[in-house]
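To keep things clear, I will list the structure first and then write my remarks on it.
The values are calculated or read from the model by the stated rules, or taken from the named source; none is laboratory data. Just so it is clear, the structure is predicted and the values come from calculations on it, not from any experiment. Positions of Cβ are backbone-derived with ideal geometry, glycine not excepted, and every protein chain shown enters the neighbour counts. When the accessible area is computed, the model is the full protein with side chains, heavy atoms only, and any ligands, DNA or RNA have been set aside. Shrake-Rupley method; radii C 1.70, N 1.55, O 1.52, S 1.80 Å.
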Amino acid sequence: SLKINGQAAPGTLISGVIPETTDTWRVNQEIRQDGNQAVVKLSATGNQAYFPGNRQNLTDWQLELNPVIPIDLAIDLGAGEADLDLAKLQVKNLKYDFGVGTLRLHLPEGSALTGEVDGGIGFLTIQVPSTVGVEIQAETGLVIRSLPTGYTKAGENLYRSPNFQTAATKVNLKINLALGQLI
């Protein structure tokens, strides 16, 4: 389970709660500077066992990012669920890869975004602020698509919000999903 929002304290790049290291599970962090950019990489290695009622081994990640710093966000989640609340963040580029899972994506309110979501089997819900224009390239297999009233088909598998041409903030998303649902 991964939750990301834009509620980091002023002066803090990233904060939050991640799983504890155990004998079989480890969270790795790498922080480096690349020119005027900070690169933060969090990853997990090892195995976790899940049993009914076994709450101590959950791998819940709850991360808060700085809302005023421009961010490129890359996430690779094999299986699980993610809630990415980017509403207050300055995310410029998003890359989200997963095998099986659920994604709830709240788009930024005042920051243009280019993003790509690649998944095998999943349920995607994208929340678009009314002031944001969105264009979605949906390359899908057996996927139920449910788009709001007013969205138009602008090409093969290309959909646009009614305000895409006039919106000050534009989001371009490419969705690759083999099986599931896109809302």
Does region 119-133 include one or more residues that are open to solvent by less than 60 Å² (accessible area, probe 1.4 Å), at pLDDT 95 or above, part of a strand (DSSP E or B) and touching a Lys or Arg at 6+ places or on another chain (Cβ under 6 Å)? yes
Within region 65-75, residues touching a residue at least 60 places away in the same chain (Cβ under 8 Å) and either under 13 Å from Pro10 (Cβ atoms) or charged (D, E, K, R) (or both) come out as Leu65, Asn66, Pro67
Selection from region 32-56 of residues out of contact with any Lys or Arg (no Cβ under 8 Å at 6 or more places or on another chain), at pLDDT 80 or above and not small (Gly, Ala, Ser) yields Arg32, Gln33, Asp34, Asn36, Gln37, Val40, Lys41, Leu42
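Each row is one residue, and each column tells you yes or no for (1) outside any strand (DSSP E or B); (2) touching an Asp or Glu at 6+ places or on another chain (Cβ under 9 Å).
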{"site": "Val68", "(1), (2)": "yes, no"}
{"site": "Ala82", "(1), (2)": "no, no"}
{"site": "Gly101", "(1), (2)": "no, yes"}
{"site": "Val117", "(1), (2)": "no, yes"}
{"site": "Thr149", "(1), (2)": "yes, no"}
{"site": "Lys153", "(1), (2)": "no, no"}
{"site": "Pro162", "(1), (2)": "yes, no"}
{"site": "Gln165", "(1), (2)": "yes, no"}
{"site": "Val171", "(1), (2)": "no, yes"}
Practice item. Determine whether region 3-12 contains at least one residue that is modelled with pLDDT of 90 or more, assigned to a strand (DSSP E or B) and over 24 Å from Leu105 (Cβ atoms). Key: no
Within region 153-183, residues open to solvent by 70 Å² or more (accessible area, probe 1.4 Å), farther than 24 Å from Lys92 by Cβ and either at pLDDT below 95 or not aliphatic (A, V, I, L, M) (or both) come out as Lys153, Glu156, Pro162
